[in-house]
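Only one structure is covered here, and it is reproduced in the block below.
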Amino acid sequence: MENTNLSEASLRPEEELLFIRKIIDESRVAFVEDGKPYIFWGLIVAVGMAVTYISVLIQRDLYTGFVWLGLVLLGWGSIFYYARKKSEQEKRAKNFLDRIAGAIWGACGSTLGLGIVLILSQVNFSDGKVPSIHPFYTCFFSNMILGIAYFLSGIVNDLKWFRNLGFVWWAGGIVMFLWPSVHVLGLYALMLILFQVVPGMILQRRYKRMAIEA
Amino acid sequence: MSAGSFDYRELDEVIHSRIRLAIMAVLISVDEAEFTFLREKTGATDGNLSIHLRKLEEAGYIGVTKQFVAKKPVSSYRLTKKGKKAFSDYVERLGSMVKPT
């Protein structure tokens with residue numbers, strides 16, 4: 001059997017501390033955000049929004065309904081596959097902060113989905129009448145919820161820049177609330193690319209770097 | 001005493017083993033871990049890991065939950081309050097042994 005004792009001859013205190021640090025870092029990598037869901041959903045919703053925006057601008061239906069249906073199915077399919085893969089790791093080890101981060105996005109995502117469905121249910125698309133809640137406010141509503149999700153996730157993951165993205169989303173939401181127009185759709189698509197897809201890519205680079213270092 | 005020649009007898013001998021130290025370090029970074037996760041992170045063999053886990057369990061440093069998942073036995077380990085304190089004291093003791101150069 002191998003000698004597992006850490007004796008005076010085998011490791012000095014500095015080396016032993018480094019050994020502990022290495023093991024902790026390796027174990028934590030399993031719970032570091034890899035950014036993939038941000039990139040998936042950011043791209044999917046941005047494409048859908050851009051198509052809707054162009055469709056409204058040129059006043060021609062670009063099969064917006066089908067585009068959204070396809071994108072949402074693709075998004076959920078990818079997320080389902082990703083969650084299944086990730087849960088293999090999660091099943092073997094549990095981390096409280098990771099569960100909190102998951103709960104934040106789960107709660108915010110459900111609120112977002114439900115809110116958008118409720119707002120859009122007010123719209124009668126066939127007669128084109130503007131309802132009491134204008135559909136443009138879905139973007140304002142999304143921004144506010146995303147602001148909460150980014151702010152809390154940033155705190156839980158101890159990422160100040162990520163937490164600050166919450167302020168950016170809230171600021172965007174205020175702009176959309178004060179100046180509701182067709183352009184909020186374009187603005188929302190742009191914000192998704194800049195403040196969801198790009199941060200997702202930054203998280204992915206960070207994850208890869210940490211995995212290599214560990 | 002220099003940093004290169006410390007008296008390791010001052011350290012907690014239950015933790016002062018490469019695999020047991022690795023197990024403690026893994027468990028301090030997660031809430032709970034299965035046997036297979038610990039095996040992967042420590043690089044120990046099944047038999048070796050079992051022996052060291054039992055030692056830590058006997059010392060009251062770790063707790064184990066055994067259950068059946070999809071008809072397979074699964075053991076999950078977590079640090080106890082006593083284990084967290086012992087690990088913290090151990091790291092603190094090591095830190096105090098490191099002299100600034």
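The values are calculated or read from the model by the stated rules, or taken from the named source; none is laboratory data. Just so it is clear, the structure is predicted and the values come from calculations on it, not from any experiment. Please note: Cβ atoms are built from the backbone with ideal geometry, for glycine as well, and neighbour counts cover all protein chains shown. Please note that ligands, DNA and RNA were not included when accessible areas were found on the heavy atoms of the full protein model with its side chains. Shrake-Rupley method; radii C 1.70, N 1.55, O 1.52, S 1.80 Å.
For segment B:1-81, the alpha carbon convex hull comes to 113 Å³ per residue, rounded to a whole number. Between segment A:137-159 and segment A:57-77, what is the C-alpha centre distance in whole Å? Measuring centre to centre over Cα atoms gives 24 Å. Solvent exposure of residue B:16, expressed as accessible area, is near 20 Å², computed with a probe of 1.4 Å over the protein chains only. Against the criterion of solvent-accessible heavy-atom surface with a 1.4 angstrom probe, A:207, A:150 sort, most first, into A:207, A:150.
Measuring nothing but how far apart in sequence close Cα pairs (under 8 Å, 6+ apart) lie, relative to its length, chain A scores a relative contact order of 34 percent.
Quick one: compute the contact order of segment A:132-213, relative version, from alpha carbon pairs under 8 angstrom and 6+ residues apart, as a percent. Averaging sequence separation for qualifying contacts and normalising by length gives 30 percent for segment A:132-213.
What relative contact order, as a whole-number percentage, does chain B give when Cα pairs under 8 Å and 6 or more residues apart are counted? Value for chain B: 32 percent. Sorted largest first by accessible area at a 1.4 angstrom probe radius, with every protein chain in place, the residues A:84, B:9 fall in the order B:9, A:84. Note on residue A:107/residue A:22: beta-carbon distance plugged into 1/(1 + (r/R0)^6) with R0 of 51 Å gives a FRET efficiency of 0.90. For chain B, a Gaussian network of Cα nodes joined below 10 Å ranks B:21, B:49, B:11 by mean-square fluctuation, and the top entry is B:11. Accessible surface for residue A:53 stands near 50 Å², nearest 10, in the context of the full protein assembly shown (1.4 Å probe). Computed with a 1.4 Å probe over protein heavy atoms only, the accessible area of residue B:39 comes to about 90 Å². Computed from the C-beta positions of residue A:175 and residue A:117, the FRET efficiency with R₀ = 22 Å rounds to 0.40. Of the solvent-accessible surface of the protein assembly as shown, computed with a 1.4 Å probe over protein heavy atoms with every protein chain present, carbon and sulfur atoms account for 63 percent.
Cross-link partners of residue B:55 among lysines, defined as those whose alpha carbon lies under 18 angstrom from its own and excluding same-chain residues fewer than eight positions apart: B:66, B:81, B:82, B:84, B:85. Among B:17, B:88, the order of accessible area from largest down is B:88, B:17, computed with a 1.4 Å probe on protein heavy atoms. Taking every Cα-Cα distance in the protein assembly as shown and sorting them into 20 Å bins from zero, the calculated P(r) comes out as 27, 42, 24, 7, 0 percent.
Just checking the listed ones, B:87, B:37, B:68: in the Gaussian network model of chain B with Cα springs under 10 Å, the one fluctuating most is B:68.
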